[in-house]
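Working notes, beginning with the structure itself.
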Amino acid sequence: MIRRISLFAATLLFSSAALAGGDKVAFPEGYDKGVLYGIVDRYDIKQYRELWANKAAVDAVKAGKPIPSGTVLTLVQYKAQVDDKGTPVKDANGRFKKGDLVAFAVMEKRQGWGTEYKDDIRNGEWEYQAFKADKTVNTAAKLDTCFVCHKPHAGQDFVISLARFAGTAPGAPAAKPAGLTVAIADFLFGPEKVEAKVGQAVNWVNADDSPHQVTIAGPNGKRSAIMLKGQNASMTFDAPGVYNYICGLHPSMKGVVEVK
Ligand code: HEC
Ligand SMILES: [Cu+2]
């Protein structure tokens, strides 16, 4: 019994130590008086998402300055409205319609934050927090996953949607490269399965407003560069086999390359 209690206490200690940073992030009251810098239709999870930032942050980034201390980015998740078959309904512009509020994901940057983390987890001076629709903290959220997923974006201060934020997201339609091509549109790989020969290049082209990244499954899985709208990436395979892959940014997006 005593052992059980101490184990429980140890678990508590560990988890609160791991998550403590999130407590610094308060619910961003008035976020919707800032700048709505992006809307994301998530076909993969049938959500309509809004990206909000405080104005000072947007002004700084547009002026080519670093993201300032005090920046708060709020990702608001809504269900997409669906028809009776569960398919998202679209408005006149082909965009999803906003349904019920689901949750908020917030990241906040302050000078001096983040020093307690080791380098392999630290996201600069950012902290993350998840809030439920009623604005209370979602205590079930695993905040370390926020750090893990945003970490590869260190080159753009961990803000995945920075290109939209700066208003520099390339708007040109994706060019179709020669050879074997997989189009990425509406959060789907199409075709989902392709056959390639050993050494033959497979090209992915992103036609979505959202960035995507091909990540081959398995411990030594290769990762493509992150593709913004209109960008493409290519990979070759040295050995025959079935290569399952996902999008590194949206893991519910799946595809297969069969190499013969
Ligand atoms: C599976 C990877 C993944 C995880 C885990 C993740 N994010 Fe993100 N996050 C993204 C992607 C991709 C975007 C860009 C918007 C989009 O495509 O939906 C994003 C965008 C954001 C944004 C808008 C600013 C930006 O970086 O573009 C905030 C705020 C945010 N996430 C907070 C969080 C919080 C808080 C958590 C943890 C509770 C979290 N994220 C976990 C992938 C992830
Ligand atoms: Cu993706």
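The values are calculated or read from the model by the stated rules, or taken from the named source; none is laboratory data. It should be emphasised that the depicted structure is a prediction, and the values quoted were computed from it without experimental measurement. Positions of Cβ are generated from backbone atoms using ideal geometry, with glycine treated the same way; all protein chains shown enter the neighbour counts.
Taking into account only those residues within segment 102-158 that are basic (Lys, Arg) and surrounded by fewer than 19 Cβ atoms within 10 Å (Cβ to Cβ), which is nearest to residue 223 (Cα to Cα)? Lay out the reasoning, then the answer.
The first filter runs over segment 102-158 and keeps only residues basic (Lys, Arg), leaving 109-110, 118, 122, 132, 135, 142, 151.
This time we only want the ones that are surrounded by fewer than 19 Cβ atoms within 10 Å (Cβ to Cβ), so: 110, 118, 122, 132, 135, 142, 151.
On the way: 110: 31, 118: 24, 122: 21, 132: 32, 135: 36, 142: 24, 151: 14 Å.
That would be 151.
Look through segment 134-159, keep the residues that are of a type in the set (Lys, Arg) and in a loop (DSSP other than H, G, I, E, B), and return whichever of them is farthest from ligand 1 (Cβ to nearest atom). Full working, then the answer.
Narrowing segment 134-159 to residues of a type in the set (Lys, Arg): 135, 142, 151.
Add one more test, that the residue is in a loop (DSSP other than H, G, I, E, B), and what stays is 135, 142.
Working: 135: 14, 142: 7 Å.
Looking at residues that are of a type in the set (Lys, Arg) and in a loop (DSSP other than H, G, I, E, B), I get 135.
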Exercise. Go through 106, 102 for me and flag whichever is more than 16 Å from ligand 2 (Cβ to nearest atom), closer than 22 Å to residue 212 by Cα, assigned by TED's automatic domain parsing to the domain that holds residue 22 and not basic (Lys, Arg).
Key: 106
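One line per residue, one yes/no per condition, for (1) modelled with pLDDT under 50; (2) assigned to a strand (DSSP E or B):
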residue	(1), (2)
10	yes, no
14	yes, no
19	no, no
26	no, no
40	no, yes
Quiz item: Which one of the conditions (1) in contact (Cβ under 8 Å) with a residue 12 or more places away in the chain; (2) surrounded by fewer than 15 Cβ atoms within 10 Å (Cβ to Cβ); (3) more than 23 Å from residue 39 (Cβ to Cβ) does residue 185 fail to meet, given that it meets all the rest?
Solution: (3)
Quiz prompt | Per-region count, segment 217-243, residues touching a Ser or Thr at 6+ places or on another chain (Cβ under 8 Å) and surrounded by fewer than 12 Cβ atoms within 10 Å (Cβ to Cβ) | solution = 0
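Give me a count of the residues in segment 98-128 that are outside any loop (DSSP other than H, G, I, E, B) and touching a helix residue (DSSP H, G or I) at 6+ places or on another chain (Cβ under 7 Å). Reasoning before the result, please.
In the first step, residues of segment 98-128 are kept if they are outside any loop (DSSP other than H, G, I, E, B); the result is 98-109, 126-128.
From what's left, touching a helix residue (DSSP H, G or I) at 6+ places or on another chain (Cβ under 7 Å): 127-128.
Counting residues in segment 98-128 that are outside any loop (DSSP other than H, G, I, E, B) and touching a helix residue (DSSP H, G or I) at 6+ places or on another chain (Cβ under 7 Å) gives 2.
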Exercise. Please indicate, with yes or no, whether at least one residue in segment 198-205 is within 15 Å of ligand 2 (Cβ to nearest atom) and out of contact with any Lys or Arg (no Cβ under 8 Å at 6 or more places or on another chain).
Key: yes
Exercise. Determine the pairs where a residue that is in the same structural domain as residue 51 (by TED's automatic domain parsing), located within segment 209-225, has a partner that is among the small types (Gly, Ala, Ser) and more than 14 Å from ligand 2 (Cβ to nearest atom) with Cβ atoms under 7 Å apart, the partner being 6 or more residues away or on another chain.
Key: none
Quiz item: Has segment 165-179 got at least one residue that is within 23 Å of residue 49 (Cα to Cα), out of contact with any strand residue (DSSP E or B) (no Cβ under 9 Å at 6 or more places or on another chain) and modelled with pLDDT of 85 or more?
Solution: no
Exercise. Consider only pairs whose beta carbons are under 7 Å apart and that are at least six residues apart or on different chains; among these, list those whose first residue lies in segment 229-255 and is of a type in the set (Phe, Trp, Tyr) and whose second residue is outside any strand (DSSP E or B) and more than 16 Å from ligand 2 (Cβ to nearest atom).
Key: 237/198; 243/237
Quiz item: In segment 209-217, is there at least one residue being over 19 Å from residue 153 (Cα atoms) and within 12 Å of ligand 2 (Cβ to nearest atom)?
Solution: no
Exercise. Quickly run through segment 99-129 and pick out the residues that are free of Cβ contacts under 8 Å to residues at least 60 places away in the same chain and within 30 Å of residue 83 (Cα to Cα).
Key: 99, 100, 101, 102, 103, 105
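In this structure, does residue 90 turn out to be modelled with pLDDT of 90 or more and either more than 16 Å from ligand 2 (Cβ to nearest atom) or out of contact with any Pro (no Cβ under 7 Å at 6 or more places or on another chain) (or both)?
On the way: modelled with pLDDT of 90 or more: yes; either more than 16 Å from ligand 2 (Cβ to nearest atom) or out of contact with any Pro (no Cβ under 7 Å at 6 or more places or on another chain) (or both): yes.
Yes; evaluated as a whole, the condition is true for this residue.
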Quiz item: Only one of these conditions is not met by residue 131: (1) in a strand (DSSP E or B); (2) in contact with a helix residue (DSSP H, G or I) (Cβ under 9 Å, 6 or more places away or on another chain). Which number is it?
Solution: (2)
